[in-house]
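Notes follow once the structure below has been shown.
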Amino acid sequence: MAGHPLRGATAIVGLGITPQGRVYGRTPLGFAVDAIQLALEDAGLGRSDLDGLLLNPGLAWNDLGMGSFQLQQAMGLRDLHLSATMHLGGASACATIQHAAQAIAAGVCHTVACVFSDAPLKPPAPHGERTSSASAYGFARGWEQAYGFFGVNAMYALVARRHMHRYGTTQDHLGAVAVAQRRWANRNPQAQLHAEALTLDDYRRSRWIVEPLHLFDCCLVSNGGLAVIVTGSERARNLRKAPVYIWGMGQGHLGGDPADTLTSGAVLAREPAFRMAGVRVTDLDLAELYDCYTFTVIVSLEDYGFCAKGEGGPFVAEQVTGPGGRLAINTGGGQLSSFYMWGMTPVSEAVIQVRGEGGERQVPKHDLALVSGNGGVFSTHSTLVLSRHVS
């Protein structure tokens, strides 16, 4: 049977990562410009080579839907055939890359920059005035607001507690995710928490955010920008860096109030992605999973089929996902310990690993990588399967 026409038709050829973390005095627009420029230089391309621009704006953009136009003007880009601003939360990064790949394969355009940037941190507020104000009421409606159920922390805490009740997931299972990813971050010089070790006892002693979520169950907050360049496979072969070919893609948006709040959109997104790529979950060498909380990693492992539903906790407790384990997960430290560029965090680490540029954290086998993006509270989801081989 012939393979899917989109498998290997396009590739990621450039990666640009600005300084991350408490980088003050910069705007989201400025970070986006810098990230795209770095990605172009990584690919050996110039601004005039771009004819597509897809932006996922962070909380601090306040762009009113015109962010991609603002960015085009700031970069002096002319004659674009594709431009859009995407709002799918943490699912946006993989989704922008998917739309770029589809447009290129259809002949709409030939080279697209996909970028995320944000600047929620403002001194001296360590968690960012913009982040604080956005999370206070943004998701609270009706009874939720009446009972003080504000912000995403509380929502994920409630779902995590339900998972504990139904499946017996424990606090130490969540802690195992945090510790494994910190061990990866300790091998990543670019990680915000590179120099800070974390043991399970450290995790247990950390302060509560919203029970059952401790401090180290929650992702970092970062200022910065991150961009990738997507182009066709033929052109990709002649550029500066080894191409990272896009083999599979899928999206899954559950919508409404799902009957089972313990299931993510991965159950919908995985099938088209794996089918397009012609792979099974057992073929994957590594997975970069969206990890806004430790709990989301456990659910993602279950919903992608790495383990059965309800067995994610015992699975991570076996210490199989950290350095030296049989399944490399979030090899840069993820959003929990490296940096938080929403869905671009897992995308960037997958590109680094597939290229073989991971240094001390490089996994020995890196032919196939899974990337996931999760938005809202398991509301939106996107999936990529990436390979260092064109077919």
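Evaluating 6.51 cos²θ - 1.76 cosθ + 1.60 at θ = phi - 60° for every residue in the range 171-186, the Karplus couplings come out as 4, 5, 5, 4, x, 4, 5, 4, 5, 4, 6, 5, 5, 5, 4, 4 Hz, glycine and proline recorded as x.
Multiplying the residue separation of ARG47 and ARG162 by 0.36 nm and subtracting their alpha-carbon distance yields 36.5 nm.
Applying a DSSP loop filter and a limit of 10 other Cβ atoms within 10 Å to the trypsin sites (Lys or Arg not before Pro) in the range 197-244 leaves ARG207. Computed on the range 212-286, the Cα convex hull volume stands at 208 Å³ per residue.
Backbone geometry of the range 369-383 corresponds, through the Karplus equation with coefficients 6.51, -1.76 and 1.60 at θ = phi - 60°, to 3J(HN,Hα) couplings of 10, 9, 10, 10, x, 10, x, x, 10, 6, 8, 10, 8, 9, 9 Hz, x marking Gly and Pro. Subtracting the Cα-Cα distance of ASN153 and GLN362 from their residue separation scaled by 0.36 nm leaves 72.1 nm. With the convex hull drawn over the C-alpha atoms of the range 242-310, the volume per residue is 113 Å³.
Counted over the chain, the DSSP beta bridges are approximately 70% antiparallel.
Helical runs assigned H by DSSP (4 residues or longer) give the chain a calculated mean residue ellipticity at 222 nm of -10500 deg cm²/dmol, each run adding -39500 (n - 2.57) before division by the residue total.
Here the chain is scanned for chymotrypsin sites (Phe, Trp or Tyr not before Pro) in DSSP loops (not H, G, I, E, B) that have at most 15 other Cβ atoms within 10 Å, and the longest stretch holding none of them is 148-391.
Treating each Cα of the range 55-118 as an identical point scatterer and summing with the Debye formula, the log10 of I(q)/I(0) at q = 0.14 Å⁻¹ comes to -0.39. For the range 282-346, the mean projected area of the C-alpha convex hull, equal to one quarter of the hull surface, is 4.2 nm². What the Cα convex hull of the range 13-86 gives, in volume per residue, is 94 Å³. Treating each Cα of the range 319-391 as one equal point scatterer and applying the Debye formula with no solvent, the log10 of I(q)/I(0) at q = 0.14, 0.25 Å⁻¹ comes out as -0.44, -1.26. Of the trypsin sites (Lys or Arg not before Pro) found in the range 1-86, those that fall in a DSSP loop while having at most 10 other beta-carbon atoms within 10 Å are ARG78. One decimal place: the segment ASN62-VAL390 gains 114.2 nm when fully extended, by the rule 0.36 nm per residue minus the C-alpha distance. Think of the range 262-316 as a dipole: +1 on every Lys or Arg Cβ, -1 on every Asp or Glu Cβ, centred on the Cα centre; then among THR296, GLY278, GLY310, GLY278 lies furthest on the positive end.
Here the ratio of the Cα radius of gyration of the chain to 2.2 N^0.38 Å is 0.92. This ranking places ASP367, ASP257 by how few other beta-carbon atoms lie within 10 Å of each, fewest first, which gives ASP257, ASP367.
Using C-alpha pairs below 8 Å separated by at least 6 residues, the relative contact order for the range 141-277 is 18 percent.
Computed from the coordinates by the stated procedures, all read-outs in this text should not be read as laboratory data. Being a predicted model, the structure only gives us computed values, none of them experimental. Counting neighbours? That spans all protein chains shown, and the Cβs are built from the backbone with ideal geometry, glycine included.
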